[in-house]
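Enquirer: Here it is, the structure in full.
Read-outs: derived from the displayed coordinates by stated rules, not from any lab. Quick caveat: nothing in here was measured; it's all calculated off a predicted structure. Here Cβ is always computed from backbone atoms with ideal geometry, including for glycine, and neighbour counts include all displayed protein chains.
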Amino acid sequence: MDVAKLVAALLETDQQIIDVVGSGLLKERSTYLICIPTTSGTGSEVSPNAILINENDGSKQGIISSFLVPDSAYVDPALTLSLPASVTAYTGIDALTHCIEAYTNRFAHPMADILALEGIRLISHNLKTAVNNGQDLEARTNLALGSVYGGMCLGPVNTAAIHALAYPLGSDFKIAHGLSNALLLPYVMEFNFSAAEKRYADIAIAMGAEKGVSDYETALNGISLIKELLKECNLPSRLSAIGVPLDAVNGMARSAMNVQRLLKNNVREVNLENARTIYTTAY
Ligand SMILES: [Fe+2]
């Protein structure tokens, strides 16, 4: 979908792809654009983003423009019925991460909050079912809706440190985007939650976690539930389990620092040392 969006936008202009990498550089789009997702994950069918890997240096780069928001999106959960369990899990966690990073974002907005929380509820309650029984249309439908909600948060609010730290896993080790997010999700949440305990407690409640005696405790219950969900979806929980060497941590931390367009959204400031610690914890 991201490629289709860029093809539509560049078809009748004199701009080259290299001219439009970044935010707000596309001049127009005159070709009508319809997106039809076949996974419940990226939310690209309703977002202004297109993310590509630059083959010259292997880095992941974003093209962000309101001209990349499709004119129409047809979201049919029946198209996701045949997705393999692993792709269902990866993409579902990506969508869940969009919602979590929007709700806990430094630039969170009340209108996006509603979508993000409902997306968290829908995805967390249905992902395990869809992973274990791909033919469950009700679970697939709820995931599809949750993914659209997550996608609708990407324009106004966007993602934060989980996505920023996930990028080097994609570019350096070709790990699928959703799996990269899954590997960092609980550890970035652990790093972040003290800066926004109430927000992380809301997420926990939306996921069905037990309410604790304080927001702090409720938030921790939510993070435990995330770890459980990852396990139930048969996702690895450690970087070491997917063949990323420990000595890659420094390089990954340095490249993650280049993703300031997302790091600036994170509720807690992430410096180079923090990034190293998060990768090491995830390892
Ligand atoms: Fe994503």
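Enquirer: Let me know the whole percent of all Cα-Cα pairs from segment 2-73 that are separated by more than 20 Å.
Expert: 25 percent
Enquirer: Work out the length of the dipole vector of segment 2-73 about its Cα centre, built from +1 on the beta-carbon of each Lys and Arg and -1 on the beta-carbon of each Asp and Glu, and round it to the nearest 20 debye.
Expert: 160 debye
Enquirer: Tally Lys/Arg at +1 and Asp/Glu at -1 over every other residue whose Cβ is under 12 Å from the Cβ of Lys128; what's the total?
Expert: Result for the neighbourhood of Lys128: -2.
Enquirer: Pick out, from Leu185, His125, Leu83, the residue whose Cα sits farthest towards the positive end of the charge dipole of the chain, with +1 on the Cβ of Lys and Arg and -1 on the Cβ of Asp and Glu.
Expert: Checking the options against the dipole of the chain, the answer is Leu185.
Enquirer: A further question on this structure: Distance in nm between label sites at Asp71 and Arg238, each 7 Å beyond Cα in the beta-carbon direction?
Expert: In this crude spin-label approximation the distance works out to 5.2 nm.
Enquirer: For Arg268 and Ser23, calculate 0.36 nm times their separation in residues minus their Cα-Cα distance, and state this gained length in nm to one decimal.
Expert: Value of the extension gain: 85.9 nm.
Enquirer: Tell me, which longest segment in the chain has none of the GluC sites (Glu not before Pro) that fall in DSSP loops with at most 14 further Cβ atoms within 10 Å?
Expert: Values: sites that count: Glu12, Glu28, Glu55, Glu210, Glu269.
So the longest stretch without any such site is 56-209.
Enquirer: A further question on this structure: Take the alpha-carbon positions of segment 82-282, form their convex hull, and give its projected area averaged over all directions (one quarter of the hull surface) in nm².
Expert: Quarter of the Cα hull surface area: 10.0 nm².
Enquirer: Still on this structure, I have one more. What's the exposure ranking of Cys99, Cys233, Cys35, Cys153, going from fewest to most Cβ atoms within 10 Å?
Expert: Cys233, Cys35, Cys153, Cys99
Enquirer: Compute the signed sum of charges (Lys and Arg +1, Asp and Glu -1) over the other residues within less than 9 Å, Cβ to Cβ, of Ser237.
Expert: Around Ser237, the charge tally is +3.
Enquirer: Turning to a different aspect of this structure: Give, in nm to one decimal, the length gained when the segment between Val3 and Arg261 is fully stretched (0.36 nm per residue of separation minus the Cα-Cα distance).
Expert: Going from the current span to full extension adds 90.8 nm.
Enquirer: What helices in the chain pass both tests, a Cα length along the helix axis of 24 Å or more and a mean Kyte hydropathy of -0.5 or higher, using whole DSSP H runs?
Expert: 85-103, 110-132, 137-154, 215-232
Enquirer: If R₀ is 30 angstrom, what is the calculated FRET efficiency for the pair Leu79 and Glu217, using the beta carbon separation as r and rounding to 0.05?
Expert: Once rounded, the FRET efficiency stands at 0.15.
Enquirer: Rounded to the nearest 20 debye, what is the charge dipole size of the chain about its Cα centre when +1 sits on each Lys and Arg Cβ and -1 on each Asp and Glu Cβ?
Expert: For this selection, approximately 360 debye.
Enquirer: As a footprinting exposure proxy, order Leu10, Leu127 by other Cβ within 10 Å, with the fewest listed first.
Expert: Neighbour counts put them in this order, fewest first: Leu10, Leu127.
Enquirer: Sticking with this one: Put +1 on the Cβ of every Lys and Arg and -1 on every Asp and Glu Cβ in the chain; which of Ser255, Leu272, Cys233 then has its Cα farthest towards the positive end of the dipole?
Expert: Leu272
Enquirer: Go ahead and set up a Gaussian network model of the chain, Cα springs under 10 Å, then flag whichever of Val46, Val20, Val259 fluctuates most.
Expert: The residue that fluctuates most here is Val20.
Enquirer: Does anything in segment 223-259 have its amide N under 11 Å from the 7 Å Cα→Cβ label point of Asp172, and if so which residues?
Expert: Zone members listed by number: 244-257.
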